[in-house]
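Report on the following structure.
Here, each number is a calculation from the coordinates, and none is a lab measurement. Quantities reported herein were computed from a predicted structural model and do not represent experimental measurements. When we count neighbours, we look across all protein chains shown, and the Cβ atoms used for this are built from the backbone with ideal geometry, even at glycine.
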């Protein structure tokens, strides 16, 4: 009887942990499932940016964002993002292991450890998590990436990414960016304008799509070349062969 009494607290603890884990899995999967159909009104990264502006007392900061459905986004925009960020997007299942291995090999050779995140990973991070490089955040990013890839079609991933990616300081999504930088609707963005938006993604608070530096123009030109080599907007539907790799 004493042995059973000594074990019972551990049994209760294990049972509680199991309930917590199952609840976490259920809640997070339900969130991802709902967001397959419902436009997110904000994202974790937007909330982090707003909180940072409040803490650092930035009175002039104004976050700009509004949702634009896929049908009202120029087809050049998602193609430019894929061309510049993740050319294997139509074919991988959330992770580009070749790019990950290449980044690790480059770091082992003495180079700077560069990012190898796919658009799916960036969508998971922007929507649910925070900026940073901790192992905890990367683990959660991988978890949400798997959920997104299992639950959403590729077009939905691109639609959400195009709507929540930071494309300027406090400017989130193609809707706000097209109006702020080019004074037009997202449906009317040209190939070159889409390429310039994609060109600032590595550092949208330092680089500018409306007043592009020489670096942004070079990168935008390269992205336009990649867009042509990939075969046009049909590539993001997975209908074209992967002619070019990042």
- Item | Segment residue 8-residue 130, extension gain: residue separation times 0.36 nm, minus the distance between their alpha carbons | 40.1 nm
- Fully extended, how many nm does the chain gain between residue 214 and residue 97 (0.36 nm per residue separation, minus their Cα-Cα distance)? 39.0 nm
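Per-residue ellipticity at 222 nm for the chain, helices alone: DSSP H runs ≥ 4 residues times -39500 (n - 2.57), over residue total, nearest 500 deg cm²/dmol? The partial results should precede the final answer.
On the way: 10 runs with 144 residues, N = 246.
Counting only the DSSP helices, I get -19000 deg cm²/dmol.
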- Of the residues 175, 139, 221, which exhibits the maximal mean-square fluctuation in a Gaussian network model of the chain defined by a 10 Å Cα contact cut-off? 139
- Message: Between 19, 148, 119, where does the largest GNM mean-square fluctuation fall for the chain, given springs only between Cα atoms within less than 10 Å?
- Response: 19
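When only Cα pairs under 8 Å and 6 or more residues apart are kept, what is the percent relative contact order across the chain? Before the final figure, lay out each step's value.
Working: 310 pairs, mean separation 63.3, N = 246.
About 26 percent, as a whole number.
For a quick protection proxy, order the peptides 68-81, 50-63 by their average other-Cβ count within 10 Å, most packed first.
Numbers: 68-81: 20.1, 50-63: 11.0.
Highest-to-lowest ranking by the protection proxy: 68-81, 50-63.
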- Note on the structure: Expressed in nanometres to one decimal, the distance between label points 7 Å along Cα→Cβ at residue 56 and residue 28 is 2.9
- Backbone N within the stretch 192-211 under 12 Å of label point (7 Å from residue 180 Cα along the Cβ vector): 204-210
- Item | Rounded tilt (10° steps) of 76-85 against the dominant C-alpha axis of the chain | 60
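Quick check on the stretch 40-237: take the gyration tensor over C-alpha atoms, sort the square-rooted eigenvalues as a ≥ b ≥ c, and tell me if it's rounded (a/c under 1.5), prolate or oblate.
Numbers: a/c = 1.29, a/b = 1.06, b/c = 1.21.
Cα axes put the stretch 40-237 in the rounded bin.
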- Query: With each pseudo-label sitting 7 Å past Cα toward Cβ, what's the residue 228-residue 188 distance in nm, one decimal?
  - Reply: 2.6
- Mind checking which of 183, 208, 65 has the largest fluctuation in a GNM of the chain, springs on alpha carbons under 10 Å? 183
